[in-house]
Amino acid sequence: MTIKVTVLGAGGFIGSNLVEFMLGKGDYDITGIDVTADKLAGIEGDAFDFKMSDIMADEAVDACIESDLIVDLVAYANPSLYIEQPLDVFHLNFTTNMHVVDLAVKHSKRLIQYSTCEVYGKPTGETWHEDESDLVMGPIDKQRWIYASAKQLLERVIYAYGADNQLDYSIIRPFNFVGPRFDYLVAAGSTGGPRVFSHFMSALLTGGPMYLVDGGNQHRAFTHIDDASEAFHKIVTQPEKSNRQIYNVGNPDNNITIRSLAEMMIEIYSELNGERPDTELVEISGEAFYGEGYEDVDRIPPNIGKMTDLGWTPTHGMKETLRDAMESYLDAPIPV
Ligand code: NAD
Ligand code: UGA
């Protein structure tokens, strides 16, 4: 049976990959909503209709009402913005997203909400479990945590609606997805800006430094975007199991330090280009890179038992994950 779905934030990194994936599956009739469309270039099909629209606009609301399923990907998701524009982060990631939740409740629509692994905050043990782990944030003046706090509060409201039998939903907590169309490239030596993969890829292409924030000892479990899209499909197609559940979507086998990430990307770039890039690893403080209010965080690997119960396991190792993402950027215009 075809699933009629509205994807809010379809023009972003996860959204554009998800639309491409869903078109390939053939099981979806998709309406995409976003205020940008550059990443959707070349992604076309009879089953895909894109509307350039704010999610608060009437045409976005109408699309949601006409769908069986709403997928909400809209958010500010770059840590630099948590420091530079904390109020915008709160208002988009909580207040605006709450309108989507209210819409889903009012019109009895199933909702897939993209949250974040950041809701776990600081490490609390060997692994993070969706229904058992504590969520530990830093102090208020470390504004980095406004993103995770907004997402956590949104999760709590969604949960409460579900517990009150007013909403059918699944929440996804992504762990550092990587793939084509991830964020954007920046000029040599830039700080702040996009997430780490895009910074390191920019450094490789421009010959600028790879900055290791606070020494680069923090871990992240990097996850191939194709594994992430498959996880979405497993959740959507098993509503009897996934309804009112929260899921970690991450690859515990790809849990490496940021320094290792830099070294692997240099190695892969050398293989792809036949020569070593000019870039150097340079240590920098979190404050110098992001500004006052940043606090870095180590992460522990996700427990993915709930996802494996749905029949999902990530299949892409670290090298393959990076290679696929890096290849897609090799011919990109080099920023100056
Ligand atoms: P992204 O920034 O690439 O995509 C978000 C999209 O939302 C953008 O295309 C943006 O234009 C759009 N948008 C913003 N405001 C809008 C509005 N008012 N109306 C319509 N569209 C609007 O981010 P992403 O990496 O694709 O992340 C998607 C979701 O997944 C976010 O909720 C993010 O917090 C979450 N997430 C992503 C990751 C990851 O690994 N990429 C990790 C954890 C959580
Ligand atoms: C990200 C973002 O908050 C969200 O996209 C998302 O919710 C979540 O985590 C995720 O992707 O799963 P984070 O992993 O800290 O947060 O973001 P990155 O920018 O990818 O940074 C990863 C690590 O690399 C951090 O320790 C950061 O300090 C470091 N970093 C970043 C560098 O060492 N050098 C850089 O050039 C950039």
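The values are calculated or read from the model by the stated rules, or taken from the named source; none is laboratory data. A quick note: this is a predicted structure, and the numbers were derived from the prediction, not measured. Reconstructed Cβ throughout: ideal geometry from the backbone, glycine too, with neighbour counts over all protein chains shown. Each accessible area value is taken on the protein alone, full model and side chains, heavy atoms only, with ligands, DNA and RNA left out. Shrake-Rupley method; radii C 1.70, N 1.55, O 1.52, S 1.80 Å.
Just for the range 1-52: of the residues that are open to solvent by 10 Å² or more (accessible area, probe 1.4 Å) and among the hydroxyl-bearing types (Ser, Thr, Tyr), which one is farthest from ligand 2 (Cβ to nearest atom)?
Here the answer is THR2.
Does SER202 qualify as being among the small types (Gly, Ala, Ser), modelled with pLDDT of 95 or more, more than 15 Å from ligand 1 (Cβ to nearest atom) and not in a loop (DSSP other than H, G, I, E, B)?
yes
Okay, residues lined up against (1) within 16 Å of ALA228 (Cβ to Cβ); (2) touching a residue at least 40 places away in the same chain (Cβ under 8 Å); (3) within 21 Å of the chain's Cα centre (by Cα):
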position: VAL19; (1), (2), (3): yes, no, yes
position: THR31; (1), (2), (3): no, no, yes
position: ALA37; (1), (2), (3): no, no, yes
position: ASP46; (1), (2), (3): no, no, no
position: ASP54; (1), (2), (3): no, no, yes
position: ASP58; (1), (2), (3): no, no, no
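Looking at the range 185-193, can you tell me whether even one residue there is of a type outside the set (Phe, Trp, Tyr), out of contact with any helix residue (DSSP H, G or I) (no Cβ under 6 Å at 6 or more places or on another chain) and closer than 20 Å to THR116 by Cβ?
No: zero hits.
Scanning the range 146-161 for residues that are more than 9 Å from VAL119 (Cα to Cα) and among the aromatic types (Phe, Trp, Tyr), which turns out least open to solvent (accessible area, probe 1.4 Å)?
Among residues in the range 146-161 that are more than 9 Å from VAL119 (Cα to Cα) and among the aromatic types (Phe, Trp, Tyr), the one least open to solvent (accessible area, probe 1.4 Å) is TYR161.
Go through the range 111-145 residue by residue and tally those that are in contact with a Pro (Cβ under 7 Å, 6 or more places away or on another chain) and either over 21 Å from LYS234 (Cβ atoms) or open to solvent by 40 Å² or more (accessible area, probe 1.4 Å) (or both).
Final tally of qualifying residues: 3.
With respect to SER229, is the statement that it is crowded, with 18+ Cβ neighbours inside 10 Å and hydroxyl-bearing (Ser, Thr, Tyr) true?
Yes; evaluated as a whole, the condition is true for this residue.
Just need a number here: residues in the range 275-300 that are within 21 Å of the chain's Cα centre (by Cα) and open to solvent by 100 Å² or more (accessible area, probe 1.4 Å).
The total comes to 0.
Sort through ASP68, ASP88, ASP72 and tell me the only one that's within 15 Å of ligand 2 (Cβ to nearest atom) and touching a residue at least 40 places away in the same chain (Cβ under 8 Å).
Just one listed residue meets the conditions, ASP72.
Output the residues belonging to the range 13-51 that are part of a strand (DSSP E or B), more than 9 Å from ligand 1 (Cβ to nearest atom) and closer than 26 Å to ALA325 by Cβ.
Within the range 13-51, TYR28, ILE30, GLY32, PHE48, PHE50 qualify.
Give the range 1-54 a look and list any residue that's within 22 Å of GLN238 (Cα to Cα) and of a type in the set (S, T, N, Q), or say none.
Those that are within 22 Å of GLN238 (Cα to Cα) and of a type in the set (S, T, N, Q): THR2, THR6, ASN17, THR31.
Before we move on, is GLU263 without any contact (Cβ under 8 Å) to a residue 24 or more places away in the chain, over 23 Å from ILE300 (Cβ atoms), open to solvent by 10 Å² or more (accessible area, probe 1.4 Å) and assigned to a helix (DSSP H, G or I)?
no
Those residues that are near ligand 1 (Cβ under 10 Å from one of its atoms), under 23 Å from LEU167 (Cβ atoms) and in a loop (DSSP other than H, G, I, E, B), I need them from the range 56-76; list them, please.
MET56, ALA57, LEU73, VAL74, ALA75
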